[in-house]
Amino acid sequence: MRYLHTMLRVRNLDVALKFYVDALGLKEVRRVDNDKAKFTLVFLCAAEDEALLAKTKGRGAPLVELTYNWDEEKYGEDRYFGHLAYEVDDIYATAIG
């Protein structure tokens, strides 16, 4: 099993990036803009993990995924956390096994 990322919802992508990039020093390594579903995903990694990420084609370092929904949403305090993502060879064997 390999840990991939933690997804967090953000209301203001610019403000969130100012914190994660400027204050914490994380690096933006991938961005997905989905016009049809109206959201943006921004993946960040620690600066020290950037070379590892490049060497392993994007799957070798733990990431933070910021999810920004373009239409304003009202999240309760417990709704900013989205999910933890892991990669396994066989989800059924892992979950049942």
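Observations on the structure shown:
- As a summary of the residue check, residue 92 satisfies the conditions (1) over 29 Å from residue 11 (Cα atoms); (2) modelled with pLDDT of 75 or more; (3) in a loop (DSSP other than H, G, I, E, B) except for the one numbered (3).
- Selection from segment 11-35 of residues that are of a type outside the set (Asp, Glu) and under 17 Å from residue 73 (Cβ atoms): 11, 12, 13, 15, 16, 34
- Complete set of residues in segment 62-83 that are at pLDDT 75 or above and either part of a loop (DSSP other than H, G, I, E, B) or among the aliphatic types (A, V, I, L, M) (or both): 62, 63, 64, 66, 70, 71, 72, 80
- Residue in segment 1-25 that is farthest from residue 91 (Cα to Cα), counting only those that are part of a strand (DSSP E or B) and not charged (D, E, K, R): 10
- Any chance residue 56 is loosely packed, with under 12 Cβ neighbours inside 10 Å, modelled with pLDDT of 75 or more and out of contact with any Leu (no Cβ under 8 Å at 6 or more places or on another chain): no
The values are calculated or read from the model by the stated rules, or taken from the named source; none is laboratory data. None of these values were measured; they are calculated from a predicted model. Reconstructed Cβ throughout: ideal geometry from the backbone, glycine too, with neighbour counts over all protein chains shown.
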